[in-house]
Amino acid sequence: MSSQAARLVVLVSGSGTNLQALLDASADEAYGARVVAVGADRHDIEGLARAERAGVPSFVEKLPDHESRDAWDRAIAARIAEYRPDLVVCAGFMKILGQPTLAAFPVLNTHPALLPSFPGAHGVRDALAYGVRITGCTVILADAGVDSGPIVAQEAVPVLDGDDEETLHERIKTVERNLLVETVGRMAREGWTVTGRTVCLGRPSG
Ligand code: GRF
C-alpha cells in the first residue's frame, strides 16, 4: 500500500456494508485511500467485525459512558485524531459529530435520500411515506446540523410499486455503496474545494 494513500477513519453504527465497500476498494493501491481505523458508538455490530476481519484497528466510544455530550464529542475526536485521518467518513454512523471533530477534520456523511429532502434517521421511511417516485442517496460534507452540509454527490433511485422500507433501502444501498466509494476515491486522488454550498472535486485550474 502506498504511503501516499489518504488516511480514512470510518465511523459506523450498524452492518457496515458501506465500510466493507471502502475496505474492498482500498485493497487496490490505485484507489488512493485506505481505511486506517474504524470507530463506533456501540459494541457488537457487524461493522466492527468487518474491521477485525480486515485487520483494521477499531475503537468504541459510547455516549452513555460519558457525563455529557460535550465530553463524548471530545473523547471521540481524540480517538479519531490518534489515527491522523485525512478524511473521516460517517458510513451509517447514527450520531451527529460535534465541533471537536468537525473543526479538526473534513467529515463526509452518506444519507439514503436525495437531500435536502428527508434528512434524519428515517430518510427511507419518510420518502416512502411521502409517496415520492424517485429517491436516492446523497454524500455530503458534514456540518453541525442534521444532514445539512454541502452536497458532494447524489444519485437517484426509483421507488417501485410494492416497495417497503427494507426493499427500498436495499436498492438504495446498492447505489449508495458505489457512490460513496467513487466519491471518497475522487476526493482522495483529486482533492476538493468548497465555495459557499458548492463542492467541486478536483484541483482548481489556473
Ligand atoms: C446507509 O444507507 C446509510 O446511509 C444509513 O444507514 C445505512 C448504513 O448501512 N444511514 P451500512 O451499515 O453501511 O450497511
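Cβ-Cβ under 6 Å, sequence separation 6+ or interchain: first residue in region 168-197 and under 17 Å from S26 (Cβ atoms), partner in a helix (DSSP H, G or I) and away from the ligand (no atom under 16 Å from the Cβ). Which pairs? What qualifies is G185/Y31.
Within region 1-12, the set of residues being more than 12 Å from the chain's Cα centre (by Cα) and within 12 Å of the ligand (Cβ to nearest atom) is empty. In the condition set (1) within 13 Å of the ligand (Cβ to nearest atom); (2) closer than 22 Å to T101 by Cβ; (3) not β-branched (V, I, T), R34 is compliant with all but (1). Checked against (1) within 16 Å of the chain's Cα centre (by Cα); (2) crowded, with 20+ Cβ neighbours inside 10 Å; (3) of a type outside the set (A, V, I, L, M, F, W, C); (4) under 22 Å from V175 (Cα atoms), S15 passes all but a single condition, namely (2). Residues in region 162-206 that are more than 16 Å from the ligand (Cβ to nearest atom), assigned to a helix (DSSP H, G or I) and not charged (D, E, K, R): G185, M187, A188.
Out of the residues in region 47-66 that are of a type in the set (D, E) and touching a strand residue (DSSP E or B) at 6+ places or on another chain (Cβ under 8 Å), which is nearest to the ligand (Cβ to nearest atom)? Going through the qualifying residues, I end up with E52.
Of these, D24, D44, which one is within 15 Å of the ligand (Cβ to nearest atom), assigned to a loop (DSSP other than H, G, I, E, B) and more than 15 Å from the chain's Cα centre (by Cα)?
On the way: D24 fails: assigned to a loop (DSSP other than H, G, I, E, B).
Just a single option satisfies the conditions, and that option is D44.
Computed from the coordinates by the stated procedures, all read-outs in this text should not be read as laboratory data. Model, not experiment: these values are computed from the prediction. Neighbour counts are summed over all protein chains in view; Cβ atoms, including those assigned to glycine, are modelled from backbone coordinates with ideal geometry.
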